Structure formats: C-alpha cells, structure tokens
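The values are calculated or read from the model by the stated rules, or taken from the named source; none is laboratory data. Keep in mind the model is a prediction, meaning the values are calculated, not measured. As a convention, Cβ positions derive from the backbone with ideal geometry for all residues, glycine included, and neighbour counts pool all protein chains shown.
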Amino acid sequence: MSTVYRRTFISTPSRDAIKTWNTIVDALAPGAAPARKELSSVAGIAASIISDRAPKDHAIVATCEGPRTRIYCLFDDDAVDGSDANEAALGYDPLKGDWAVSLPCHADELDWVQRALKQHSARITARELDAAVAADQEQPALASAQVSLVPDLKGLLEP
C-alpha cells in the first residue's frame, strides 16, 4: 500500500477556478518541472471541473512512483474562512517517473471532458465522481493476496 498525502486548496469565491488550478499546478510541478507544461495545457478543462465543485468531496488524484497525492478544494464560506486549507509545499516530487493525474467529473460532463483531455495529454484523465482511480482498483486484489498476520500459537502452548 502506498503512502497518501492530502492537500486542500482554497477556491471560489476567494480564488477563481483557473487560479485554483494554477495553484494546484504550482504544488504538483513546482518551478520548471517537466510535467508543468502538460498540466497547464489542460487549465481550462480543469477549471471547468473545479467550477462544477467536483473536487469538493472527490479528490484530484496524482499518482507516481512515490506517494499518492489527493487534492480537494474548499468553496463558499469554507474558502473564505480558509482554516481547513492546507496548501503547503509537498516534501517530495508528486509527479516523479511514470505519473498520472485523475480528475473527478460529474457524469453528465464526463464524455466531453475525457475527449478534451485526450487532445492534450495521455497522463491526465477524468473519472466519474465515485469511480476509483485505476491504481485503487488494484488494491483489493493485493490485500487479499497478503499473508495472514495471525500467529500460530499451537507450538507455544505445548510443554
């Protein structure tokens, strides 16, 4: 099981959707990171998803060779208050090696969002709000294959 980090970003009305996405890009690909251009190329699409408030309760998920990063957004009074925000820099490269970003999307918007993302990137995809990220779907199979941690006490009880 991989380590998971969470960040929560302030969005509307304190910050518009495009500025919210740009702030998320700054966290995922600081400076001149190679992935920055690819993330920036989908800014309008990502801003649309943020405007629809999809990442309020459903994470934008960045996966890579290292820890997984889940990103949520705050809206309305929560965004103005900002006390639940955590926009701190990540202590690792969240897009190291073979990376991917999965955006949550409302079902009625999913088709056009997926088509639009494909024009810009194969690494940035969209999924229905309650759908698991591809790597999450592999976890249950992995968990069932693990060895039981229940000790066999039979040998300890004999004199």
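Close Cβ contacts (under 9 Å, 6 or more residues apart or on different chains) running from residues in segment 43-54 that are more than 12 Å from Asn22 (Cα to Cα) and without any contact (Cβ under 8 Å) to a residue 12 or more places away in the chain to residues that are basic (Lys, Arg) and surrounded by fewer than 20 Cβ atoms within 10 Å (Cβ to Cβ) are absent.
Scan segment 48-70 and give yes if some residue there is in a loop (DSSP other than H, G, I, E, B), at pLDDT 95 or above, touching a Pro at 6+ places or on another chain (Cβ under 6 Å) and not hydroxyl-bearing (Ser, Thr, Tyr), otherwise no. Yes, segment 48-70 contains at least one residue that is in a loop (DSSP other than H, G, I, E, B), at pLDDT 95 or above, touching a Pro at 6+ places or on another chain (Cβ under 6 Å) and not hydroxyl-bearing (Ser, Thr, Tyr).
Matching residues to (1) over 19 Å from Asp130 (Cβ atoms); (2) among the charged types (D, E, K, R):
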| residue | (1), (2) |
| --- | --- |
| Ser11 | yes, no |
| Arg15 | yes, yes |
| Leu28 | yes, no |
| Ser40 | yes, no |
| Ala47 | yes, no |
| Ile60 | no, no |
| Cys64 | yes, no |
| Thr69 | yes, no |
| Asp76 | yes, yes |
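Set side by side, the residues Pro140, Pro94 differ, and just one is in contact with a strand residue (DSSP E or B) (Cβ under 7 Å, 6 or more places away or on another chain) and either crowded, with 16+ Cβ neighbours inside 10 Å or modelled with pLDDT under 95 (or both), which is Pro94.
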